[in-house]
Each structure stands twice: as structure tokens, then as C-alpha cells.
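Heads up, the thing below is written out as C-alpha cells.
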Amino acid sequence: QVQLVESGGGLVQAGGSLRLSCAASGFAFSTFDMGWFRQAPGKQRELVAEIRSGGRTNYADSVEGRFTISRDNAKNAVYLQMNSLEPEDTAVYFCAGKYILRSEYRDWGQGTQVTVSS
């Protein structure tokens, strides 16, 4: 029932920009914190950016100032604007949701590949 579908990934050159989208359905979107995670080959999945139900945001130090997370509750959508991309940003990016009263994310999208060439 719960579904998160990412789109917008692709291949870009270092210094370029990309905008990821996540379409959500099957749950009360406005009562969920939403986040973007990424996983590079051989590495653990890490939180990239988070936007809480009330709109507060949190970013990994490595993307602070370059990435912007946003949400549109009317559209049940979450976005990740990525600017000044670096090869180190190459990873599969996942959209995730967490009910505000829970401590961990447990609803996940299928992922979208982002590749940044040097």
C-alpha cells in the first residue's frame, strides 16, 4: 500500500545540478518526516537530507550548502535539489518516510542512480 517512487537521477558532470523527485502514496504524508538517503558501492547507506513534518530540515555535513530538500504536502511529494555536484556524490539515492512518532525510517523507495563524472 505504501509507495515511494523516485525519479530524476542521471549522469552529470562535476559542478552540475540535478533535481530528484519522490512521489508518495498510501499513507498520511503530512504526518511523516521525509528524507533522502544514498548508498555508494561498498559503503553504508547514509542520510543525506531530512525534512520534518513541520518543515525543519537537516543535512549531512558533506552536502550542506549544496543540496536543498523540500516538500509539497498538497502533491505528496519530496524533492532534492542538488547543486555543485561532486564525483563523491555518486550513489543510488533513496526516498524514505518516517511516521513522526517513530525513531527510524521504514518506508523506502526503489532508488534512483546519480552518477557524477569528473
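All of the numbers you see were taken from the coordinates with simple rules; none came from a lab. What you are looking at is a predicted structure, and each value in this text was computed from that prediction instead of being measured. All Cβ positions, even for glycine, are placed from backbone atoms using ideal geometry, and neighbour counts span all protein chains on display.
If you average the alpha carbon positions of segment 1-53 and of segment 57-118, how far apart do those two centres end up, in angstrom?
Cα centres, segment 1-53 to segment 57-118: 4 Å.
If amide H atoms are built 1.01 Å from N in the plane of the peptide, which residues on other chains or at least 5 residues away come under 5 Å of the amide H of LEU85?
Correct list: GLY15, GLY16.
Using +1 at the Cβ of each Lys and Arg and -1 at the Cβ of each Asp and Glu in the chain, identify which of GLN113, PHE67, THR31 lies farthest towards the dipole's positive end.
Looking along the dipole axis, the top candidate is THR31.
Spelling out what I want: for every residue of segment 69-81, take phi, set θ = phi - 60°, compute 6.51 cos²θ - 1.76 cosθ + 1.60 (Karplus), and round to whole Hz; glycine and proline get x.
Values per residue, Gly and Pro as x: 9, 8, 9, 10, 5, 5, 9, 6, 9, 10, 10, 9, 8 Hz.
Mind putting a number on the dipole of the chain about its Cα centre? Charges go on the C-beta only, +1 for Lys and Arg and -1 for Asp and Glu, and I need it in Debye to the nearest 20.
Its charge dipole is roughly 300 debye.
For the chain, build the convex hull from the C-alpha positions and give me its volume per residue in Å³.
Convex hull volume per residue, Cα atoms: 95 Å³.
Starting with the highest mean, order 32-45, 84-97 by the number of other Cβ atoms within 10 Å, averaged over the residues of each peptide.
84-97, 32-45
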